[in-house]
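Every number here is computed from the coordinates shown, using simple stated rules; none is lab data. Note that the coordinates shown come from a computational prediction; the quantities given were computed from them, not determined experimentally. Virtual Cβ from ideal backbone geometry, glycine too; neighbours counted across all protein chains shown.
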Amino acid sequence: MPRYICSKNANDQGHYVVHELSCDFLPTVENQVNANTHDTFQGALNFLEKVNEGRGLTFTVCEHCGLKASTTTVL
Ligand SMILES: [Zn+2]
């Protein structure tokens, strides 16, 4: 299972971007939050929403590694 990384700081839209650890566009190490290992991006998003419940945060899948992952899932 891939390990997922969430950015510690929100992007310009106020969203927290979630990546696979292998992504070329990871935030800097100081700006990474470990989101554990999951089968899919959806699993990582569910995990992050659960541990941050009530904080009103929005998580979004990285457009680089997330697109790659969803393509893999379709195949
Ligand atoms: Zn990424």
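Structure values in brief
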read-out: Hits in the range 1-46 - residues which are touching a Pro at 6+ places or on another chain (Cβ under 8 Å), free of Cβ contacts under 8 Å to residues at least 24 places away in the same chain and more than 15 Å from F59 (Cβ to Cβ); value: L21
read-out: Strands (runs of 3 or more DSSP E) contained in the range 1-74 and holding at least 1 residues of a type in the set (F, W, Y); value: 3-7, 15-20, 58-61
read-out: Residues of the range 9-43 that turn out to be more than 13 Å from the ligand (Cβ to nearest atom), aliphatic (A, V, I, L, M) and surrounded by 15 or more Cβ atoms within 10 Å (Cβ to Cβ), as a count; value: 1
read-out: Lone unmet requirement of (1) at positive phi; (2) surrounded by 18 or more Cβ atoms within 10 Å (Cβ to Cβ) for C6; value: (1)
